[in-house]
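First the structure, then my questions, so here it is.
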Amino acid sequence: RTADDFCPHCNFLDGHMTCGMRVDYLMKVYGSTEEEARAGANVTPPACRLPESKVWLNTYAERDEPAVHLHIGPHKTGTTALQAFIYDTLHANETLFLEDNIRVPKYEELPGTFAKEGVGLNLAHCCIIGYKGEGGGQMNCPMCSRMRDEFPLFMIDAWQKGQDVLIAAEDFDRKEIDFDRLEYFLRPYSRIKVYATYRRLHEWLPSWYNQIVAHYTTSIYSQGREHYPSFVEWFGAEWERFRDNHAISLLKRYEDLPFVESVDIVNMHSFETLRGTIENFFCAELKARAVCQALMDGAGPSKTNQGKDHELERVVIAAALAGKLKTDISKPLYLNRIAGSLGAKIKVMLSSSSLPSSSSPLPTICVDKNMTDEILRLEAKYERLHFREWHEGQGGEESLRRAFQKAVRRKFCVYDVEKILDEGLLDDVWPLIDNHFGGA
């Protein structure tokens, strides 16, 4: 195991020590070499509490063996709504999932930083290499200590009762997941079924960008503490990283794991609403009759994570930082209203010009055409390979191209804020906004 990894349930542990800490201790106290210390640290899986065999555990015929259903997202594909539905249902009727022989871990069974619909994130974040530091997670090794005690007990109890286990968390899409650790936590189950959701790159990438900048708009960007990147700037810096974390890349990553039995990818564009994807998951994928009936009877998620476009807010913040706008933008409500006012005035500018309705009366910058061509090529490839029947039923590549070009015009082009401010293209507008909102 790696130096930063904990030794799950090893018999020398106090619940907080990592393998590296144990090795360092042996070297310091006994003067051992690192090789001797690692050999003496007894940090290999046989030293752990779970038995080396399943002799004392129930055994099942292959057709009866329970499975783990692991929904891995990725982000921005409706996973928040799915998680909300799961835990809304669990809290409203604790026995409903059990009617379908499905067990969902409660917070006390999978404890950590995340509660409510985010319980599954505790498992994902305790499987991140490096934990809270360089791994980018929100839980460190000691924070995972309680989960390391409680969750294996939950898994053994579910196994003994022959129950399937359902866990959903979008952070299983992280490249930093330690799959050896994940496999350990899912013991004694050997049937691991993974599910992911496909969303077209031209919708998924702008949605990701909007979620990221939303966290920093008023707390960071509006105060000038960091540069507010446009979508074009963000795309240029992050394209390859996010491409490699898209659902199709996750499909390959999890298919290559020897402990995973199957990976199913669902096309969210096959359904008109997020609710449709949830119904498909329980009714078609899991064949959970009781939960499916609850959905048919009107049950649904209390929460979604649908974002909004922040481009006008970016323009407003730039104008305020440049001293052209005096109104206070430090509060989200104010910023949102001012952005709406600016949008209305830009529409008036467009209606009074000779430009077509699909154009902008202000200068824009767009993602390089070579890059958008690459995205379109990948989408066509993905859909021919994984969703051919649906793809052809929608009109094939010609239909995809039309949808893509429409999205590119709206989402892959941004206002050239620097040029707008330098040339004073909205200098007549800012005083009107100040007068309206009392900032003059």
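The values are calculated or read from the model by the stated rules, or taken from the named source; none is laboratory data. Owing to the predicted nature of the structure, the values given are computational and were not obtained by experimental measurement. Backbone-built Cβ (ideal geometry, glycine too); neighbour counts: all protein chains shown. Surface accessibility is based on the protein's heavy atoms, side chains included, excluding ligands, DNA and RNA. Shrake-Rupley method; radii C 1.70, N 1.55, O 1.52, S 1.80 Å.
Taking every pair of alpha-carbon atoms in the stretch 331-440, what share in percent sits in each 5 Å bin, from 0 to the bin with the longest distance?
2, 10, 14, 16, 15, 11, 10, 9, 7, 4, 2, 0
Would you grab the residues whose amide H sits under 5 Å from the one on residue 191? Only those 5+ places off in sequence or on another chain, please, with H modelled 1.01 Å from N.
Under 5 Å from the amide H of residue 191: 68.
Under 18 Å from the Cα of residue 175, which lysines turn up, not counting those fewer than eight places away in the same chain?
Excluding near neighbours in sequence, the set is 76, 132, 252.
When a/c reaches 1.5 or more, the comparison of a/b and b/c decides; with that in mind, is the stretch 300-348 rounded, prolate or oblate per its Cα gyration tensor? Before the final figure, lay out the partial values.
Numbers: a/c = 2.78, a/b = 1.87, b/c = 1.48.
Cα axes put the stretch 300-348 in the prolate bin.
Give me the number: length gained by fully extending residue 333 to residue 252, i.e. 0.36 nm times residue separation minus the C-alpha to C-alpha distance, one decimal in nm.
On the way: separation 81, 0.36 × 81 = 29.16 nm, distance 4.22 nm.
Taking 0.36 nm per residue and subtracting the Cα distance, the gain is 24.9 nm.
Give me the percent relative contact order of the stretch 294-392, please, defined on Cα pairs under 8 angstrom at least 6 residues apart. Write out the running numbers ahead of the final one.
Numbers: 31 pairs, mean separation 14.8, N = 99.
Once divided by the residue count of the stretch 294-392, the mean separation gives 15 percent.
Calculate, for the stretch 58-150, the solvent-accessible area per residue in square angstrom, rolling a 1.4 angstrom probe over the heavy atoms of the protein chains. Mind dumping the intermediate values first?
Values: 3600 Å² over 93 residues.
Averaged over the residues of the stretch 58-150, the accessible area is 39 Å².
How much length is gained on full extension from residue 389 to residue 220, taking 0.36 nm per residue of separation minus their Cα-Cα distance?
Details: separation 169, 0.36 × 169 = 60.84 nm, distance 4.59 nm.
Roughly 56.3 nm would be gained on extension.
Expressed as a whole percent, how much of the Cα-Cα distance distribution for the chain exceeds 33 Å? Walk me through the intermediate numbers first.
Working: 45702 of 96580 pairs.
Taking all Cα-Cα pairs of the chain, the fraction more than 33 Å apart is 47 percent.
Which whole-number percent gives the relative contact order of the chain, counting Cα pairs below 8 Å spaced six or more residues apart?
Working: 583 pairs, mean separation 72.4, N = 440.
Value for the chain: 16 percent.
Just grab the label-to-label distance for residue 374 and residue 273, each label 7 Å out from Cα along the Cβ direction, in nm (one decimal).
Here the answer is 3.8 nm between the modelled labels.
If you look for lysine pairs in the stretch 280-401 that are eight or more places apart or on different chains, how many of them have Cα atoms under 22 Å apart? Mind showing how you got there, number by number?
Numbers: 308/331; 308/345; 308/347; 324/345; 324/347; 326/345; 331/345; 369/381.
So the count works out to 8.
Taking the chain as a Gaussian network, Cα atoms linked when under 10 Å apart, which of 136, 118, 393 shows the biggest mean-square fluctuation?
393
Shifting gears a bit: Determine the equivalent ellipsoid of the stretch 67-140 by diagonalising the alpha-carbon gyration tensor, then write out the semi-axes as square roots of 5 times the eigenvalues, largest first, rounded to whole Å. Could the numbers behind the result be given before it?
On the way: eigenvalues 115, 35, 25 Å².
Output for the stretch 67-140: semi-axes of 24, 13, 11 Å.
Computing the accessible area with a 1.4 Å probe over protein heavy atoms, can you report the carbon and sulfur percentage for the chain?
48
Give the accessible surface of the stretch 211-306 per residue, rounded to a whole number of Å², with probe radius 1.4 Å and ligands, DNA and RNA excluded. Mind dumping the intermediate values first?
Values: 5030 Å² over 96 residues.
Here the per-residue accessible area is 52 Å².
While we're here: With loop defined by DSSP as not H, G, I, E or B, and exposure as at most 12 other Cβ atoms within 10 Å, which is the longest segment of the chain clear of exposed GluC sites (Glu not before Pro)?
Working: sites that count: 52, 94, 108, 134, 226, 272, 423.
Result, exposed sites excluded: 273-422.
Once you put a point 7 Å from the Cα of residue 326 and another 7 Å from the Cα of residue 348, both along the Cβ direction, what distance in nm separates them?
Taking the simple label geometry, residue 326 and residue 348 are separated by 1.9 nm.
Report the calculated FRET efficiency for residue 190 and residue 366 (r = Cβ-Cβ distance, R0 = 60 Å), to the nearest 0.05. Don't skip to the end; give the middle numbers.
Details: r = 50 Å, r/R0 = 0.83.
FRET efficiency, residue 190 to residue 366: 0.75.
I need the shape label for the stretch 247-318. Rule: rounded when a/c is under 1.5, else prolate if a/b > b/c, else oblate, with a, b, c from the alpha carbon gyration tensor. Walk me through the intermediate numbers first.
Numbers: a/c = 3.24, a/b = 1.33, b/c = 2.45.
Taking the square roots of the gyration eigenvalues as a ≥ b ≥ c, the stretch 247-318 is oblate.
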